[in-house]
1. Please find, among Gly45, Gly25, the residue that is farther than 21 Å from Asn179 by Cα, surrounded by fewer than 19 Cβ atoms within 10 Å (Cβ to Cβ) and touching a helix residue (DSSP H, G or I) at 6+ places or on another chain (Cβ under 7 Å).
2. Identify, by number, the condition in (1) away from the ligand (no atom under 11 Å from the Cβ); (2) free of Cβ contacts under 8 Å to residues at least 24 places away in the same chain that Tyr88 doesn't meet.
3. Would the range 63-73 turn up any residue that is within 8 Å of the ligand (Cβ to nearest atom) and part of a loop (DSSP other than H, G, I, E, B)?
4. Quick one: Lys138 ticks every box in (1) surrounded by 20 or more Cβ atoms within 10 Å (Cβ to Cβ); (2) away from the ligand (no atom under 11 Å from the Cβ) bar one, so which box is it?
5. Does Gly287 satisfy being among the small types (Gly, Ala, Ser), touching a residue at least 40 places away in the same chain (Cβ under 8 Å) and buried (at least 16 other Cβ atoms within 10 Å of the Cβ)?
6. Please give the number of the condition Tyr232 fails out of (1) within 13 Å of the ligand (Cβ to nearest atom); (2) hydroxyl-bearing (Ser, Thr, Tyr); (3) modelled with pLDDT of 95 or more.
7. Among the residues of the range 69-103, write down those that are under 14 Å from Leu5 (Cα atoms) and buried (at least 24 other Cβ atoms within 10 Å of the Cβ).
8. Just checking, which of Gly172, Gly144 is crowded, with 20+ Cβ neighbours inside 10 Å, under 27 Å from Tyr54 (Cβ atoms) and within 16 Å of the ligand (Cβ to nearest atom)?
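The values are calculated or read from the model by the stated rules, or taken from the named source; none is laboratory data. Just so it is clear, the model here is predicted, and its values are computed rather than measured. Note: ideal-geometry Cβ built from the backbone for every residue, glycine included; neighbour counts use all protein chains shown.
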Amino acid sequence: MANFLVTGAAGFIGSHLAKKLVIDGHQVTTIDNLSTGFIENIPSGVKFIEGNDYDPDIIAKLGEQKFDAIFHIAGQSGGMTSFDDPIYDMNSNIASTLILLDYAKRTGCNRFIYASSMSVYGDENPCPVTEESEIKPKTFYAVGKLASEHYMRIYSTFGIRCTSLRFNNTYGIGQNMQNLRQGMVSIFLAQAVNTKRIHVMGDKERFRDFTHVSDNVKACLLAAQGQEESFYNVYNVCTNRKTTCEELIAEICKHLPYSVEIEYSGSTPGDQFGIYCDYTKIQEKLGWEPTVQLESGIKEMVEWALDNKTNNT
Ligand SMILES: NC(=O)c1ccc[n+]([C@@H]2O[C@H](COP(=O)([O-])OP(=O)(O)OC[C@H]3O[C@@H](n4cnc5c(N)ncnc54)[C@H](O)[C@@H]3O)[C@@H](O)[C@H]2O)c1
C-alpha cells in the first residue's frame, strides 16, 4: 500500500483519481477548499483536509508525512474566472505548486504529478500541437499553469521526478453541472438538460480536443510510475481529434429525448479559438493513449445527466 496526496479530490478529475487509488488499496489524503468541488465527491476512505493548498497552516496539517507521490490536481480551473481575481488565481495555481514542491523536497517525496493545461499554448500554433509548439498563454490561468511547470523543472534538479500533464478539455460523469463557466461539455449539457436551450459564447467552428476523465486518470497513474531518463517531463494528454462546438452539440443532442434551441453569440475573454494536440510523446515515453471515443463518452455522460435530472425533480 502506497501513501498519496491528491489535491482537489472534491473536484471532477481529482475525485476520479482519488477513487481509483483507494480502489487499488492505497492510502489517500486530500486538501480541498471546496471552492468548485463538493464534499460528497470525496471518495470514502480519503483523509480530507479542508482549506487552501497555498496556506502554510493547511500544509502543516499534513504533519511532515512522506508521500510516495503528490498529485497536484486542485486549482482554480477556469480561464474566464482567472480574470475575475488574478491574485486568487495566482495563489491557487502557482503558490500552491511552489509550497507543495517545497513540502515534497523537505519530506523526501520524489514524485510530483501536476494537472497542467493545453491552455499554455495559446492560439498561434498549427494543429495538432506538440510539446515543442510555441507557448503563448492568453489567460492568467494559463500563465499560472506555465509558471508551475517552471517551478517543477527547477525542483526536478533536487531529485524530485516532476511530470506535468497538459490536460485538454476533459469530460465525463461527475463533472460539475452547476458551474456554467468551466468545462465545455458540462456547460452545454447542463444548459440542454436544464433549459432545452444552449447558448454558445463564440463561433460554432471553434474546436477542442475532448478527453475522457478515465484517460486522464490513467495518465496520472502512468506518470507516477515513469522511469524516464529526465526527471522533468511535460506531456500532452489528448486524443489528436478535432471536434467543433457544433459537432459536440450535435453529439450531445443525439442522446436527448427532446430538441434543443441553439444560439451562438458573444465571446469569452482569453478563449482559444481552436486547439487539438498530439500525444506521440506520452505514448512513446509512458505507453499512454486515449481509450474512450467521444461518441461513447458523451452517450454515457448524457445518460448520467438525464438520470440526475430525473432523480432531482
Ligand atoms: N477539466 C478540464 O478540462 C481541465 C483541462 C486542463 C486542466 N485542468 C486542470 O485539472 C485540475 C482539475 O480540474 P477539474 O476539472 O477537476 O476542476 P474542478 O474545479 O472540478 O476541481 C478543482 C478542485 O480543486 C479545489 N480547489 C481549487 N482551488 C483550491 C485551492 N486553492 N486549495 C484547495 N483546493 C482548491 C476545488 O474546490 C475543486 O474541488 C485543475 O487544476 C485544472 O486546471 C482541467
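1. Exactly one residue qualifies, and that residue is Gly45.
2. With (1) away from the ligand (no atom under 11 Å from the Cβ); (2) free of Cβ contacts under 8 Å to residues at least 24 places away in the same chain applied to Tyr88, the lone miss is (1).
3. yes
4. (1) is the only condition that Lys138 fails.
5. no
6. For Tyr232, the exception is condition (1).
7. The answer is Ala69, Ile70, Phe71, His72, Ile73, Ala74, Ser96, Thr97, Leu100, Leu101.
8. Gly144
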